[in-house]
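Please read the structure below before turning to the comments.
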Amino acid sequence: MSIIEKSACELIEMLGNREISSREVTAAFCDRIEAVDSRVRAFLHYDRDQALRRADEIDHRRSAGQEVGLLAGVPVAIKDILCARGEPTTCGSKMLEHFKAPYDAHVIERLDRAGAVRLGRVNMDEFAMGSSCENSAYQKTANPWDLRRVPGGSSGGSAACVAALEAPLSIGTDTGGSIRQPASLCGIVGLKPTYGRVSRFGLVAYASSLDQIGPMARSVVDAALLLEAIAGHDPRDSTSLPHPVPPYRQSCQQPLPKLRVGVVTDYFGEGLDEEVAVAVKKAIEVYRSLGATIVDVRLPTSAHAIPTYYVVATAEASSNLARYDGVHYGHRAKEYRDLVDMYKRSRGEGFGHEVKRRIMLGTLALSAGRRDAFYNKALQVRRLLRGDYDAAFQQCDVVLGPTSPTAAFKLGEKSDDPLAMYLSDIYTVATNLAGLPGLSLPCGFTKSGLPIGLQLQGPAMAEETLLRAGYMYEQATDWHRQTAPLAGTS
Ligand code: GLN
C-alpha cells in the first residue's frame, strides 16, 4: 500500500516508529496533488516548499527527542474559511481575494500545536453558501468518483481532496450540512460536532448560531483523531463549551452493546432516491445483525426544517456580511461617485449571485413589519425541532437516516434552480438548528458507482456515541475502503 493510501492513524504509527519521515509523507501527498489536482481542482492555495519546511521542523523535533503532538507530521487540508496569520483566506469569494488574515483561528492554533502539516487551502462555496462547490468565485471542484459531477458543498474541496488521496485529513465547516453532504457525495466520513464543541474563533462567520467546524477523513477513527485535536474550550468564543475532551480516537473503537438506533420514518418519503433508500435500509439491517435494537422514531417538525433554516441562516448572514463594505474589509470598487455609491459598487462587484440572494432574503426576513412573520416564526419552529429530537432521544441513542436525498449530481444540473439545490440539505439542516452532532459515513454505491452516505445524529455532546456507532458499522462493512477512480472527464 502506498503512503497516500494509508490512514492518518497508520501514518502516525509509522512516523512514531521512525519507519518514515514527515518529509516523505508530505512529499507523497504533494506529488499526488501535483499529479491529480488539475482534474479535481480542490486546492485554492498550495505551497509545497512551505509544507516541506514544516515537515522538516517536525522531523527535527522528533529526532531531537522533543515532545510532538497528536498529529505530528501528518498533512491536513484546510477549508479556505479559517484565518491563518499572513495567509490568504478567500472564503471562495472575490470579496476577500486579497485578504490576508492577521491572526490564527483557534483550530489553526490547535492543529499547529498538534504538529499537523498544513497542506494548503481548499475550495468551497462562496462564504459557505451552497451544496455543490459551484458557488466558488475561483473554480469548480470535481467529484473524484465521477469528475463530471459535483463534490457537494460547501466543504466540497475538503471532501474531494480526501477522496482523491490528496490529503489524509481535512477541516470542513457545517452550517446546514456542509461537512456531511459533501462527505456523503465523496464517499468519506464527516462529523459535524455539537454547537460549541469546537471553537469558532477565527472562523469567518456565515450564520453564527449554526456554524460548526469539524473533521473529514476516510475512516471513523481518523475523524475521531482529528476531532480530538481541535475540540475543547476556548474563552475567545463565548459559545464554546467547557466540557473536557475525551480521547475520541481510542474510545470510538469500544463496542456499544445495547445500542438503540432510531430510524426516522419521516426521512423515507417523497424526494428520496430509491437507490439511496435501499442502501440506508441495508445499513439498518447491519445494525440489527450487530445486536442493536431498532425503533421507529418521528421528527415531524423536520418537514419545516428547510424554510426555517433558510430564514435563520440568511438573517444571520445578512448581518454578518454587512462588514464587507470595501472599508472595513474586502474588495473596494475602483470608480465611484460618493460614499454610498462606493459601498454599493464594492458589494455589487465583490459578492456572487447566491450570496446576494441570501443577503436580500435575510434582510427581508428581519425588516420592520416582516420580522414576526419570518424571523421570529422561524425561531419558534427551531424550538419545536429541538423538542422533536429531545423526544426521539428518549427512545434511542442515535437517529439514523440518509445524509443526502441523492448521490452526486452533475456539474451545472442544479445551478439555475436554487430551490432544488436547497433541497440537497433536507436531512442535514435540522441538526444545526437543534445544535446537535451529526456523522456521515459511507454505506454503499449506486449502480453507476457513486457513493451513498448514512447519517447518524445524536444528543448534544454525544460525539463519542456517534463515533462508536459509526465505527461498529464501519468494521462490519468495507465501503470506506474503496478508492475513487478519478474517472470521467470534467
Ligand atoms: N448547503 C447549505 C447552504 O447552502 C449548508 C451550507 C453550510 O453548511 N455551510 O446553506
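The values are calculated or read from the model by the stated rules, or taken from the named source; none is laboratory data. Small disclaimer: the values here were computed from a predicted structure and weren't measured. Note that we place each Cβ from the backbone using ideal geometry, even for glycine, and neighbour counts take in every protein chain shown. Keep in mind that these areas ignore ligands, DNA and RNA; they rest on the heavy atoms of the full protein, side chains included. Shrake-Rupley method; radii C 1.70, N 1.55, O 1.52, S 1.80 Å.
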Legend entry - Sole exception among (1) assigned by TED's automatic domain parsing to the domain that holds His98; (2) of a type outside the set (Gly, Ala, Ser); (3) within 16 Å of the ligand (Cβ to nearest atom) for Lys281, by number: (3)
Inset, instruction - For residues that are under 8 Å from the mean Cα position of the chain (by Cα) and not small (Gly, Ala, Ser), scanning just the stretch 132-180, find the one that is surrounded by the fewest Cβ atoms within 10 Å (Cβ to Cβ). - result: Thr173
Inset, instruction - Could you run through the stretch 35-46 and say how many residues are in contact with a strand residue (DSSP E or B) (Cβ under 9 Å, 6 or more places away or on another chain) and either exposed (fewer than 15 other Cβ atoms within 10 Å of the Cβ) or not acidic (Asp, Glu) (or both)? - result: 6
Legend entry - Close pairs (7 angstrom Cβ cut-off, 6 or more residues apart or separate chains): over 22 Å from Ala101 (Cα atoms) in the stretch 328-357, assigned to a helix (DSSP H, G or I) anywhere: Tyr336/Met342; Tyr336/Arg345; Glu354/Glu126; Arg357/Pro418
Legend entry - So Ala229, is it in a helix (DSSP H, G or I), closer than 29 Å to Leu210 by Cα, within 16 Å of the ligand (Cβ to nearest atom) and at pLDDT 95 or above: no
Inset, instruction - Would you check if there is a residue in the stretch 123-131 being open to solvent by 10 Å² or more (accessible area, probe 1.4 Å), touching a strand residue (DSSP E or B) at 6+ places or on another chain (Cβ under 8 Å) and within 20 Å of Gly350 (Cβ to Cβ)? - result: no
Inset, instruction - Being more than 15 Å from the ligand (Cβ to nearest atom) and either surrounded by fewer than 24 Cβ atoms within 10 Å (Cβ to Cβ) or not assigned by TED's automatic domain parsing to the domain that holds Pro437 (or both) is the filter; apply it to the stretch 195-215 and report the residue that is farthest from Leu466 (Cα to Cα). - result: Gly202
Inset, instruction - Would you mention how many residues in the stretch 407-461 are touching a Gly at 6+ places or on another chain (Cβ under 6 Å), in a helix (DSSP H, G or I) and either open to solvent by 40 Å² or more (accessible area, probe 1.4 Å) or of a type in the set (Val, Ile, Thr) (or both)? - result: 2
Legend entry - Checking Asp325 against (1) modelled with pLDDT of 95 or more; (2) surrounded by 13 or more Cβ atoms within 10 Å (Cβ to Cβ); (3) outside the structural domain of Pro459 (by TED's automatic domain parsing); (4) of a type in the set (D, E, K, R), the condition it does not meet: (1)
Legend entry - Selection from the stretch 102-122 of residues that are within 29 Å of Gly449 (Cβ to Cβ) and either surrounded by fewer than 24 Cβ atoms within 10 Å (Cβ to Cβ) or in contact with a Pro (Cβ under 6 Å, 6 or more places away or on another chain) (or both): Leu119
Legend entry - All positions within the stretch 190-216 that are among the aliphatic types (A, V, I, L, M) and in a loop (DSSP other than H, G, I, E, B): Val198, Val204, Ala205, Ala207, Leu210
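Residue-by-condition table, conditions (1) in contact (Cβ under 8 Å) with a residue 60 or more places away in the chain; (2) within 29 Å of Cys133 (Cβ to Cβ); (3) buried (at least 17 other Cβ atoms within 10 Å of the Cβ); (4) among the small types (Gly, Ala, Ser):
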position: Ala51; (1), (2), (3), (4): yes, yes, yes, yes
position: Arg61; (1), (2), (3), (4): no, no, yes, no
position: Cys83; (1), (2), (3), (4): yes, yes, yes, no
position: Lys100; (1), (2), (3), (4): no, yes, no, no
Inset, instruction - List the number of the failed condition for Met1; all other conditions in (1) modelled with pLDDT under 95; (2) surrounded by fewer than 15 Cβ atoms within 10 Å (Cβ to Cβ); (3) over 30 Å from Trp145 (Cβ atoms) hold. - result: (3)
Inset, instruction - State yes or no: is Leu467 part of a helix (DSSP H, G or I), within 18 Å of the chain's Cα centre (by Cα) and over 23 Å from Ser136 (Cα atoms)? - result: yes
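Inspect all residues belonging to the stretch 397-404 and state whether any of them is surrounded by fewer than 22 Cβ atoms within 10 Å (Cβ to Cβ), away from the ligand (no atom under 16 Å from the Cβ), modelled with pLDDT of 95 or more and farther than 30 Å from Ala487 by Cα. Before the answer, list the steps.
If we filter the stretch 397-404 for residues that are surrounded by fewer than 22 Cβ atoms within 10 Å (Cβ to Cβ), which is where we start, we get 397.
After this cut, where a residue has to be away from the ligand (no atom under 16 Å from the Cβ) as well, the list is 397.
After this cut, where a residue has to be modelled with pLDDT of 95 or more as well, the list is 397.
Filter again for farther than 30 Å from Ala487 by Cα, leaving 397.
The answer is yes, given that some residue of the stretch 397-404 is surrounded by fewer than 22 Cβ atoms within 10 Å (Cβ to Cβ), away from the ligand (no atom under 16 Å from the Cβ), modelled with pLDDT of 95 or more and farther than 30 Å from Ala487 by Cα.
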Legend entry - Ala183 being under 17 Å from Ser154 (Cβ atoms), surrounded by fewer than 24 Cβ atoms within 10 Å (Cβ to Cβ) and either of a type in the set (A, V, I, L, M) or assigned by TED's automatic domain parsing to the domain that holds Asp146 (or both): no
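Looking only at the stretch 270-307, count every residue that is among the charged types (D, E, K, R), in a helix (DSSP H, G or I) and either open to solvent by less than 20 Å² (accessible area, probe 1.4 Å) or free of Cβ contacts under 8 Å to residues at least 60 places away in the same chain (or both) and tell me the total. If you could, list the steps in order and put the result at the bottom.
Applying the first criterion (among the charged types (D, E, K, R)) to the stretch 270-307 yields 270, 273-275, 281-282, 285, 288, 296, 298.
Those left that are additionally in a helix (DSSP H, G or I): 274-275, 281-282, 285, 288.
If we keep only those that are either open to solvent by less than 20 Å² (accessible area, probe 1.4 Å) or free of Cβ contacts under 8 Å to residues at least 60 places away in the same chain (or both) as well, we get 274, 281, 285, 288.
Within the stretch 270-307, residues that are among the charged types (D, E, K, R), in a helix (DSSP H, G or I) and either open to solvent by less than 20 Å² (accessible area, probe 1.4 Å) or free of Cβ contacts under 8 Å to residues at least 60 places away in the same chain (or both) number 4.
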Inset, instruction - For Tyr267, state whether it is within 16 Å of the ligand (Cβ to nearest atom), open to solvent by less than 50 Å² (accessible area, probe 1.4 Å) and touching a Gly at 6+ places or on another chain (Cβ under 6 Å). - result: no
